[in-house]
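The values are calculated or read from the model by the stated rules, or taken from the named source; none is laboratory data. Computed from a prediction, not measured in an experiment: that's the story for all the values here. Cβ atoms come from the backbone with ideal geometry, glycine included; neighbour counts cover every protein chain shown.
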Amino acid sequence: MMAFREGLPATIRRVDYQTPDFTVTAVSLSVQIFSGRTDVTATLSFVRRGAAAAPLQLNGEQLRWS
């Protein structure tokens, strides 16, 4: 038998929260619907907050920097 908490995400406490190093300032979505598929392109603009030194890291597929 699986324990109740097993497989569930860990608890996130407010005290563990950190202000993100980047802010999203703009989002643009382009949606093209074709027979059998839909293409969605998202363009996001980021601004570094303060003197944060951490690099911006994105996880996804077919990402391009411009």
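Miscellaneous remarks
- Subset of the stretch 12-23 that is part of a loop (DSSP other than H, G, I, E, B) and not hydrophobic (A, V, I, L, M, F, W, C) - its residue that is surrounded by the most Cβ atoms within 10 Å (Cβ to Cβ): 21
- The listed residue being in a loop (DSSP other than H, G, I, E, B) and under 16 Å from the mean Cα position of the chain (by Cα), out of 9, 55: 55
One line per residue, one yes/no per condition, for (1) at pLDDT 85 or above; (2) touching an Asp or Glu at 6+ places or on another chain (Cβ under 7 Å); (3) loosely packed, with under 10 Cβ neighbours inside 10 Å:
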site: 10; (1), (2), (3): no, no, yes
site: 25; (1), (2), (3): yes, no, yes
site: 32; (1), (2), (3): yes, yes, yes
site: 36; (1), (2), (3): yes, no, yes
site: 42; (1), (2), (3): yes, no, no
site: 45; (1), (2), (3): yes, no, no
site: 51; (1), (2), (3): no, no, yes
site: 62; (1), (2), (3): no, no, yes
site: 66; (1), (2), (3): no, no, yes
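- Check on residue 43, at negative phi and either over 20 Å from the mean Cα position of the chain (by Cα) or part of a loop (DSSP other than H, G, I, E, B) (or both): no
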